[in-house]
Amino acid sequence: GMESGERKSPVFRLITAALEDIEEQMVMGVKEIAEQARLELDILESRLKTLKTRAAQANDVQEISKTKEEIAAVTRQIADCQIPAMPRLLADDATSEAVISLLANHGGRISIMSSEGGLFETMAGRYADNVPNIDVYLKGYSGDPIRVDRKTRGPEFIGRPALNLALTVQ
């Protein structure tokens with residue numbers, strides 16, 4: 001904690017600038033690959049929709065069978081299509097759930113760095129009806145496994161999380 005006027009923000013920017021530059025370079029290296037993968041996935045999903053329509057409208061048993069085989073092949077291609085996550089080293093204003101996803105998508109490692117202390121309000125439940133949610137921070141510190149299963153998103157597992165926090169608060 002620092003007193004007001006201690007120049008925490010300029011010092012904070014100086015410290016995080018190198019990490020932000022590295023993160024930007026990492027993003028540039030993945031951006032085109034991700035765009036190509038996203039385009040490929042869009043094409044495959046459009047193809048799948050067309051094939052389903054064709055199968056639904058077909059009257060010939062052989063045509064339906066052939067179309068089903070094509071649907072199965074395209075479905076496998078969609079399952080194999082992976083869009084790489086944009087590399088992240090830093091986070092700031094993120095809910096506990098978002099921090100878990102960041103960890104899951106980035107090899108179990110992320111740093112939350114902020115020149116303010118808003119994270120404490122988020123941990124205390126700012127976005128969750130004032131219900132505190134600090135498990136990800138405790139497990140991210142201790143390295144205990146994190147397992148999350150929700151109906152609204154796929155399962156997330158981080159075997160050995162490493163969550164770094166750097167906050168300069170008043």
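The values are calculated or read from the model by the stated rules, or taken from the named source; none is laboratory data. Being a predicted model, the structure only gives us computed values, none of them experimental. Backbone-built Cβ (ideal geometry, glycine too); neighbour counts: all protein chains shown. Protein only, heavy atoms only, side chains kept; ligands, DNA and RNA dropped before computing areas. Shrake-Rupley method; radii C 1.70, N 1.55, O 1.52, S 1.80 Å.
At a 1.4 Å probe radius, carbon and sulfur cover how many percent of the accessible area of segment 35-122? Let's see the in-between values first.
Details: 2690 of 5370 Å².
Of all accessible area on segment 35-122, carbon and sulfur atoms account for 50 percent.
Once the Cβ-Cβ distance between Ile22 and Glu69 is put in as r, and R0 is 35 Å, what FRET efficiency do you end up with, to the nearest 0.05?
Calculated transfer efficiency: 0.15.
Can you pull the percent of segment 126-169's accessible area that's carbon plus sulfur, 1.4 Å probe, other chains left in place? Show your work: numbers first, answer last.
Details: 1670 of 3270 Å².
After summing per-atom areas, the C and S share lands at 51 percent.
Based on protein heavy atoms only, segment 41-131 ends up with 61 Å² per residue of surface accessible to a 1.4 Å probe. Note that segment 41-54 has calculated 3J(HN,Hα) couplings of 5, 4, 5, 4, 5, 5, 4, 4, 4, 4, 5, 5, 5, 4 Hz, one per residue in order, obtained from phi through the Karplus relation 6.51 cos²θ - 1.76 cosθ + 1.60 (θ = phi - 60°); glycine and proline are x. Within the straight-line cut-off of under 28 Å between alpha carbons, the lysines reachable from Lys68 are Lys49, Lys52, sequence neighbours fewer than 8 places apart in one chain being disregarded. Compute the relative contact order of segment 56-170 as a whole-number percentage, counting only Cα pairs closer than 8 Å that sit 6 or more residues apart in sequence. Once divided by the residue count of segment 56-170, the mean separation gives 26 percent. Of all the options Glu40, Glu63, Glu116, the one that moves most in a Gaussian network model of the chain with Cα springs shorter than 10 angstrom is Glu63. Of the residues Ile158, Ser4, Ala56, the one whose Cα sits farthest towards the positive end of the charge dipole of the chain is Ala56 (charges of +1 on Lys and Arg Cβ, -1 on Asp and Glu Cβ, taken about the Cα centre).
In segment 1-44, what trypsin sites (Lys or Arg not before Pro) fall in a loop by DSSP, with at most 16 other Cβ atoms inside 10 Å?
Arg7
Could you put Met86, Met123, Met28 in order of accessible surface area, largest first, with the 1.4 Å probe and the full protein assembly present? Mind dumping the intermediate values first?
Values: Met86 65, Met123 30, Met28 120 Å².
From most accessible down to least: Met28, Met86, Met123.
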